[in-house]
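Encoded as structure tokens, the structure appears first; notes follow it.
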Amino acid sequence: MDEFDQALIRVIGNEHPETLERALELVRLRFSETDKAIVNRVLRLESQEKILFEKTPATFPASLTGFIFSGWTAWYWAVFTLATLATVMVFVVPENAFPMVYARYLFGSVFVLFLPGYSLIRVLFDRRELDIIERLALSIGLSLALVPMAGLLLNYTPWGIRTIPVTICLLALTLVFASASVIRDYTMRKKMLEV
């Protein structure tokens, strides 16, 4: 271990910087190294367990409600907003309203062809298991499988296959899957912090 490593250990051990950026500033005051070199040394020292970083549970919400309203669930609110907007457009925008009907078709297409499958994919797979293309393809494929199954089940109900029951059924499916995914994410992240 050279002088730079020892100084790095002293700075992080004595100053207790809250962020990596602050640690970089403190080290830069004493040595003229690049940020990349400093980060590489910090990671090496951490892997050798000469520097220990504490996980800060304060950054993770303590309750499920706090988690839902945190930045961790921005995707949930995007899905919720798109699904609600598509549902409102189905009920409010008539078929003969010329310019607005195209917005209804656009939001309706996303609502039918993407959102139910995306919500189910979020429940089934962790965010690190699939890349963006796989998640997109599976979302469309699962939506194409879920929507006919919902229609088949609605066919045997008193409401039948009409616009209102299909819209409400797809909204319910999408929001139930998305909510289940948020609960799953919260419990998994909480367990990771406890370990």
task: Considering each residue of the range 162-175, count those that are exposed (fewer than 14 other Cβ atoms within 10 Å of the Cβ) and either assigned to a helix (DSSP H, G or I) or outside the structural domain of V88 (by TED's automatic domain parsing) (or both), and give that number.
output: 3
- request: Quick one: which residue in I68, I38 is among the β-branched types (V, I, T), farther than 24 Å from V182 by Cα and in contact with a helix residue (DSSP H, G or I) (Cβ under 7 Å, 6 or more places away or on another chain)?
  value: I38
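Sort out which residues of the range 148-175 are farther than 15 Å from T87 by Cα and either touching a helix residue (DSSP H, G or I) at 6+ places or on another chain (Cβ under 9 Å) or of a type in the set (D, E) (or both), and write them in order of number.
A150, G151, L153, L154, T157, W159, G160, I161
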message: What's the number of the only condition in (1) in the same structural domain as L175 (by TED's automatic domain parsing); (2) closer than 22 Å to R184 by Cα that T59 fails to meet?
response: (1)
task: Out of V182, V110, V101, V166, report the one residue that is within 26 Å of L64 (Cα to Cα) and either aliphatic (A, V, I, L, M) or more than 14 Å from the chain's Cα centre (by Cα) (or both).
output: V182
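The values are calculated or read from the model by the stated rules, or taken from the named source; none is laboratory data. Nothing here was measured: the structure is a model prediction, and the numbers come from that model. Methodologically, a virtual Cβ is constructed for each residue, glycine included, from the backbone with ideal geometry; neighbour enumeration extends over all protein chains shown.
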